[in-house]
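Q: Questions regarding the structure given below will be posed in turn.
The values are calculated or read from the model by the stated rules, or taken from the named source; none is laboratory data. Note that the structure is a prediction, hence the values are computed from the model and not measured. Counting neighbours? That spans all protein chains shown, and the Cβs are built from the backbone with ideal geometry, glycine included.
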Amino acid sequence: MKKTISKPQNINSTIRISGDKSISHRAAILNAMAEGTAEVKNFCVGDDQESVIRCLKSLGTKITHRIDHQDNHPIHSFTIIGNGKYGFKESESSLDCGNSGTCMRLISGLLAGQKFNTLLTGDDSLSKRPMNRIANPLKLMGANIRSLNNSSNDEVRAPFEIIGSDLNSINYKSPVSSAQVKSCVLIAGAYANGVTTITEPSKSRDHTERMMKAMGAEIEITDKKISIDNSKLKAQSIVIPGDISSAAFWIILASCHKNTELFIPNIGLNPTRTGILEVLTEMGANINISNQKTELGEPRGDLTVKSSNLTGITIEGSIIPKIIDEIPILSLAACFASGKTVIKDAQELRVKESDRIKATVQGLLKLGADISETKDGMIIKNSPNLKGSEVSSHGDHRIAMMLGISGLLTEGQTTITNAEAANISYPNFWDQIDNF
């Protein structure tokens with residue numbers, strides 16, 4: 001699919017964002033392994049939603065779906081009847097995680113403690129992504145993981161089989177700051193004998209430990225160190241806040257487009273996810289937060305964003321895990337910032353759905369940006385006079401949407417190839433673009 005976009009003169013609107021993908025996946029998986037029934041409202045949309053729900057249903061979880069509407073925006077809700085920790089059933093076929101690394105890595109922690117075996121598969125992109133980062137700690141806990149991928153060396157990649165086992169607790173120092181790795185270990189830790197501890201180099205997003213604690217898990221949280229004892233969970237209903245990673249596209253559009261004001265209600269404000277707001281505020285963005293509250297451990301609020309004059313900065317170190325998904329769209333913002341923006345320590349982007357460093361640089365170069373690639377990031381110099389061109393999403397949803405926002409900021413027409421990639425996480429993204 002090709003999508004062609006032109007720059008509008010003015011943008012003043014309310015944008016409603018579907019539920020946060022990270023929180024949605026955790027709410028589904030944790031409520032499925034809990035005791036009781038929960039309603040999860042404003043669930044995330046897109047192919048990743050379908051992947052996690054499909055996998056849980058294949059494991060015997062009873063789930064019903066309802067769609068409501070608010071301001072012509074679809075609100076997805078799921079009622080989940082928990083299985084308890086050991087009420088899952090062996091799937092009659094392999095579990096297809098589609099493009100969702102979150103689904104594959106989190107559900108692996110659950111499957112490691114079951115009494116049956118499961119084959120996990122994914123699409124071509126997911127099958128290239130490294131899974132040793134979860135396989136290694138799970139093996140230390142006693143899980144048996146067998147890779148069926150013919151890749152070289154000892155790297156585990158999908159498809160792979162998890163042979164359910166009795167798990168032992170571990171004290172694990174993760175070599176990477178990854179919420180997916182941490183979540184996998186914590187979920188497996190709920191099945192293990194004794195207290196399991198994981199320590200990260202820097203703190204990653206903490207949705208899993210917040211939600212598990214709210215659901216009754218015996219869990220202790222000390223910054224980069226989290227410990228969990230063998231635990232049962234109690235099902236908890238939740239209204240999922242809007243996904244701040246999705247909101248980031250509109251926040252940056254409003255910041256960079258002249259004569260613009262956007263209102264974005266009910267956005268998740270988890271401190272491990274608001275790095276995008278911290279970075280943009282440091283760059284000079286005009287962002288106001290109102291109506292703040294907390295539900296099931298997750299803070300949220302309404303955002304009002306106005307046009308602003310941005311200034312280039314250096315982005316590196318401990319902030320990177322908090323903004324890893326937003327770096328492509330931040331790179332676009334850097335084109336409109338005075339001076340130079342340097343992004344470092346972001347090598348994790350090279351093993352996402354695409355090599356996001358290379359894909360971002362290639363796309364923005366074609367639009368006329370002054371941007372160059374480094375081993376672990378990018379250097380972007382002020383280059384606001386972008387001109388439309390044909391650019392590729394590389395089959396990556398975040399690259400597709402970054403280029404879509406670029407089209408609203410460039411002179412002339414911008415055409416994105418493989419634009420359907422946005423459906424992975426944001427299927428009504430192009431509809432909202434068209435509203436401008």
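Q: If THR414 meets every condition in (1) among the polar types (S, T, N, Q); (2) within 21 Å of the chain's Cα centre (by Cα); (3) modelled with pLDDT of 95 or more apart from one, which number is that one?
A: For THR414, the exception is condition (2).
Q: While we're on this one: Here is a check on your reading of the model: is SER227 part of a strand (DSSP E or B), touching an Asp or Glu at 6+ places or on another chain (Cβ under 6 Å) and surrounded by 15 or more Cβ atoms within 10 Å (Cβ to Cβ)? Break it down stepwise before answering.
A: Working: part of a strand (DSSP E or B): yes; touching an Asp or Glu at 6+ places or on another chain (Cβ under 6 Å): yes; surrounded by 15 or more Cβ atoms within 10 Å (Cβ to Cβ): yes.
Answer is yes for this residue.
Q: Here is a further query. Show me the strands (runs of 3 or more DSSP E) entirely contained within the range 121-188 in which 2 or more residues are outside the structural domain of MET215 (by TED's automatic domain parsing) and out of contact with any helix residue (DSSP H, G or I) (no Cβ under 7 Å at 6 or more places or on another chain).
A: Values: elements: 144-147, 160-163, 171-173.
So the answer is none; nothing clears 2.
Q: Across the range 46-94, what is the total count of residues that are among the small types (Gly, Ala, Ser), over 15 Å from GLU35 (Cα atoms) and touching a helix residue (DSSP H, G or I) at 6+ places or on another chain (Cβ under 6 Å)?
A: Number satisfying all stated conditions: 3.
Q: Kindly provide the set of residues from the range 409-431 that are surrounded by 23 or more Cβ atoms within 10 Å (Cβ to Cβ) and part of a strand (DSSP E or B), ordered by number.
A: Of everything in the range 409-431, those that are surrounded by 23 or more Cβ atoms within 10 Å (Cβ to Cβ) and part of a strand (DSSP E or B) turn out to be THR414, ILE416.
Q: Tally the residues that are buried (at least 24 other Cβ atoms within 10 Å of the Cβ) and either outside the structural domain of MET33 (by TED's automatic domain parsing) or out of contact with any strand residue (DSSP E or B) (no Cβ under 8 Å at 6 or more places or on another chain) (or both), restricting the search to the range 83-100.
A: So the count comes out to 2.
Q: Now for a different question. Looking at the range 165-186, I want the residues that are surrounded by fewer than 18 Cβ atoms within 10 Å (Cβ to Cβ) and have a partner that is at pLDDT below 95 with Cβ atoms under 8 Å, at least 6 apart or on another chain. Which pairs are those?
A: Sorted first by the residue in the range 165-186, then by its partner, the pairs are PRO175/PRO201; VAL176/PRO201; VAL176/GLU348.
Q: Among the numbered criteria (1) at pLDDT 95 or above; (2) within 26 Å of ASN31 (Cα to Cα), which single criterion is violated by LEU280?
A: Tallying (1) at pLDDT 95 or above; (2) within 26 Å of ASN31 (Cα to Cα), LEU280 fails exactly one: (2).
Q: When the residues of the range 73-82 are filtered to those that are at pLDDT 95 or above and not in a loop (DSSP other than H, G, I, E, B), which remaining residue is surrounded by the most Cβ atoms within 10 Å (Cβ to Cβ)?
A: So in the range 73-82, the residues at pLDDT 95 or above come out as 77-82.
Then drop every residue that is not not in a loop (DSSP other than H, G, I, E, B), which leaves 77-81.
Values: SER77: 18, PHE78: 20, THR79: 16, ILE80: 25, ILE81: 17.
Only one residue fits best here, namely ILE80.
Q: Let me ask something additional. When the range 213-224 is examined, which residues are found to be within 13 Å of VAL195 (Cβ to Cβ), crowded, with 17+ Cβ neighbours inside 10 Å and not small (Gly, Ala, Ser)?
A: Selection gives ILE219 alone.
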